[in-house]
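This report refers to the structure that appears directly beneath it.
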Amino acid sequence: DRYVSYEDNSINAPQLVIAFPTVPNRHPDEAALDALAFVIGGSKSSMLVKKIVNANFASEAKAEHPASELTGYWRIIATGFQDTKLSKLDSLCRETLALFEKTGISDEELKMFIANNENYFINPLESVQGKGVTICANEVFTGNPNYIFKDLQRYRTVTKEDVMRVYKKYIKGKSAVYLSIYPKGKLDLIAKPNDFPPVPYTVSPERDEYKNLVYKKAPSSFDRSKRPTAPETPAAKVPDYWTEKFENGLRVSGVLNKELPSITIQLNIEAGHRYEPMAQAGISELLVNMLNGSTEKYSVEQLADKLNLLGSTISIRGSQNAQDIVVVIKTLTKNIDATLALADEMLFHPKFDAAEFERVKKQQLETIDNLMAQPQAMADRIFSKLLYGNAHIMSIPSVGTKASVNALSLEDVKVYYGKRFSQGNASMVIVGDLSK
């Protein structure tokens, strides 16, 4: 193993990255290595999240397998809190890998992985650009523009034995690079002292074959002294859409699109940062994190498992303009009813668990600290104060301040939820393989 570290002046919390060399894109073992990353750290119910994040050792932990044209690497990324010793995260990551070796991947986890990857390949095809990129990349790298069907097949046929085999071949007992990134002056947080020097970046000297190249201007008959006239602007072909306003005040519009067997729903609720009292700045961000947590019926891990089995996603976040809380639901058409049942759970039956609240509150306070060291965030904060004045809620970042978030209680979040979540404050757009 090789340990290396570097000091970063722009962060407040340390991070550990563990990377194992693996295989390039479309290698026979790529899909199984992706499945290994999924079960160890690819979802809210994964081993790393349970062992490290939910146990309050780190604010984030994930595993992934980015493969490129020539090679790839399987990696774990764990971001600690301000005082987290990366040696602790190192040992927890090793324990997680050892646990996987005992348990392997279950039938259900394998189904989740396959369903998720089906969406991974299908979702980009929603746009013209996505279709173009997919077809072009497949043509360039495989000579087959329709290689997506082979991609789907190789992921659908991964077995539990394949996943354990690649674990033993590329991860178990294999050397890795352990990178510690630590805040300024906190060398004591690194996983281990550096035991090898990173290869310095050098610019190669110009090769002799390029020294005598002469630029030859291509001949052109185009008259650049005259401004070209713009052609007539093409008329945009807007799809037919339908609208509806329910008696309870909810506004809905939709577009039927049968191109793909999938549906996207976006629900906007006027409950974002703009509606917060000044003294409660950051409360909508806390509410978003609680709504992404456990419900009265399911734990956050159970919810993640159910969504993964469907290959569906439900994300709840603040809008870019700080006006709304936005709920985005993506699902294959065949799974719409089961997915909406889970959305109903998340939106209308949140558990508001006290332990989860303390955890997300701690993470939000860490985020505030981290933003205080980011030049872009500092500039945005100062610009907002100049633009809105100190007495306006928009002069404060959407995550709030340390004082305002520290003062917030779980009861405050429940009250805000009760006041702002109503049909009269909401609008919905539905696009996909679903008629009115």
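The values are calculated or read from the model by the stated rules, or taken from the named source; none is laboratory data. Values in this document were obtained by computation on a predicted structure and should not be read as measured data. Here Cβ is always computed from backbone atoms with ideal geometry, including for glycine, and neighbour counts include all displayed protein chains. Calculation scope for accessible area: heavy atoms of the full protein, side chains included, ligands and nucleic acids excluded. Shrake-Rupley method; radii C 1.70, N 1.55, O 1.52, S 1.80 Å.
Where is the GNM fluctuation largest for the chain (alpha-carbon springs, 10 angstrom cutoff): ALA78, ALA379, ALA63? Of the options given, ALA379 has the highest mean-square fluctuation.
The solvent-accessible area of SER299, taken with every protein chain present and a 1.4 Å probe, is close to 40 Å².
The packing ranking of peptides 229-241, 178-190, highest mean first, is 178-190, 229-241, where packing means the average number of other beta carbon atoms within 10 angstrom of each residue.
Between GLU296 and ASP337, the simple label model (points 7 Å from Cα in the Cβ direction) yields a spacing of 2.3 nm.
Its relative contact order, with pairs defined as Cα atoms under 8 Å and 6+ residues apart, puts the stretch 111-195 at 17 percent. Name the most mobile residue of THR401, THR142, THR202, meaning the one with the largest mean-square fluctuation, in a Gaussian network model of the chain with Cα contacts below 10 Å. Result for the chain, Cα springs under 10 Å: THR202 fluctuates most. With the largest listed first and rounded to whole Å, the semi-axes of the equivalent ellipsoid of the stretch 1-84 from the Cα gyration tensor are 25, 17, 9. A full extension of the chain between ALA55 and ALA354 corresponds to an added length of 106.2 nm, given 0.36 nm per residue minus the alpha carbon distance.
Per residue, how large is the accessible surface of the chain? Use a 1.4 angstrom probe and give square angstrom.
On the way: 24390 Å² over 436 residues.
About 56 Å² of surface per residue is accessible.
Maximal additional length on extending the SER68-LEU152 stretch stands at 28.4 nm, based on 0.36 nm per residue less the C-alpha distance. As a calculated quantity, the FRET efficiency between SER87 and SER435 at R0 = 56 Å, using C-beta atoms, amounts to about 0.45. Between GLU259, GLU64, GLU30, the Gaussian network model of the chain with springs among Cα atoms under 10 angstrom shows the greatest mean-square fluctuation at GLU259. Electrostatic bookkeeping for LYS160 treats Lys and Arg as +1 and Asp and Glu as -1; over the other residues with beta carbon under 12 Å from its beta carbon, the sum is -3.
This structure gives semi-axes √(5λ) of the Cα gyration tensor in Å, computed directly, and of (1) 36, 33, 29; (2) 38, 23, 21; (3) 83, 26, 16 that value is listed as (1). Using the Cα gyration tensor of the stretch 120-162, with a ≥ b ≥ c the square roots of its eigenvalues, what is the shape: rounded (a/c below 1.5), prolate (a/b larger than b/c) or oblate (neither)? Oblate is the answer for the stretch 120-162, as a/c is 1.5 or above yet b/c matches or exceeds a/b. The charge dipole of the chain, taken about its Cα centre with unit charges on the Cβ of Lys, Arg, Asp and Glu (plus for the first two, minus for the last two), comes to roughly 660 debye.
Of the accessible area of the stretch 176-267, computed with a 1.4 Å probe over protein heavy atoms only, carbon and sulfur atoms account for 56 percent. For the pair LEU410 and SER10, a Förster radius of 25 Å applied to the C-beta separation gives a FRET efficiency near 0.15, rounded to the nearest 0.05.
Per DSSP H run of n ≥ 4, the term is -39500 (n - 2.57); total these for the chain, divide by its residue number, and report the mean residue ellipticity at 222 nm rounded to 500 deg cm²/dmol. Computed mean residue ellipticity for the chain: -11500 deg cm²/dmol. Within the assembled protein chains, the solvent-accessible surface assigned to ARG207 is about 130 Å², based on a 1.4 Å probe. Close amide H pairs (under 5 Å, H built 1.01 Å from N) link TYR3 with TYR178, ASP195, PHE196, residues at least 5 positions away or on another chain. Under 12 Å from a label point set 7 Å out along the Cα-to-Cβ vector of TYR388, the amide N atoms of the stretch 394-427 belong to 394-401. A simple charge model with +1 on the Cβ of Lys and Arg, -1 on the Cβ of Asp and Glu and nothing else charged puts the dipole of the stretch 1-78 at about 320 debye relative to its Cα centre.
Given Cα pairs under 8 Å that are at least 6 residues apart, what percent is the relative contact order of the chain?
On the way: 751 pairs, mean separation 92.7, N = 436.
Result for the chain is 21 percent.
Once you charge only the Cβ atoms, +1 for Lys and Arg and -1 for Asp and Glu, what is the size of the charge dipole of the stretch 41-167 about its Cα centre, to the nearest 20 debye?
Working: 16 positive and 16 negative charges, 52 e Å.
In debye, rounded to 20, the stretch 41-167 gives about 260.
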